[in-house]
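Down below is the structure, laid out as structure tokens.
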């Protein structure tokens, strides 16, 4: 899994803005971001554990987005 860095965030932003990128990566990014900023939690009312679902959603969304990016690169699984 790719580490989170400013350079990687910029690369993801540029990837999502490309016109040839399909809907799936854009939806993954959008749904992940909306879940993280929404007040809805899977584990509400539990101190500290209530943040666990946000952290899990962020990690899973980031990992899936990176897989989709790698597959879309020339020579990746999606175009090879």
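The values are calculated or read from the model by the stated rules, or taken from the named source; none is laboratory data. Since the model is a prediction, treat every value here as computed from it, not as a measurement. Virtual Cβ from ideal backbone geometry, glycine too; neighbours counted across all protein chains shown.
When residues of the stretch 28-41 are filtered for being surrounded by 11 or more Cβ atoms within 10 Å (Cβ to Cβ) and under 30 Å from residue 72 (Cβ atoms), how many remain? It would help to see each step written out before you state the result.
Here is the first cut: in the stretch 28-41, the ones surrounded by 11 or more Cβ atoms within 10 Å (Cβ to Cβ) are 28-36, 41.
From what is left, the residues that are under 30 Å from residue 72 (Cβ atoms) are 28-36.
Residues meeting the conditions: 9.
Looking at residue 39, is it modelled with pLDDT of 90 or more and part of a loop (DSSP other than H, G, I, E, B)?
Details: modelled with pLDDT of 90 or more: no; part of a loop (DSSP other than H, G, I, E, B): yes.
Here the answer is no, as residue 39 does not meet what is asked.
Within the stretch 42-73, take every residue that is in contact with a helix residue (DSSP H, G or I) (Cβ under 6 Å, 6 or more places away or on another chain) and surrounded by 15 or more Cβ atoms within 10 Å (Cβ to Cβ) and give me the one that is farthest from residue 3 (Cα to Cα).
The qualifying residue farthest from residue 3 (Cα to Cα) is 54.
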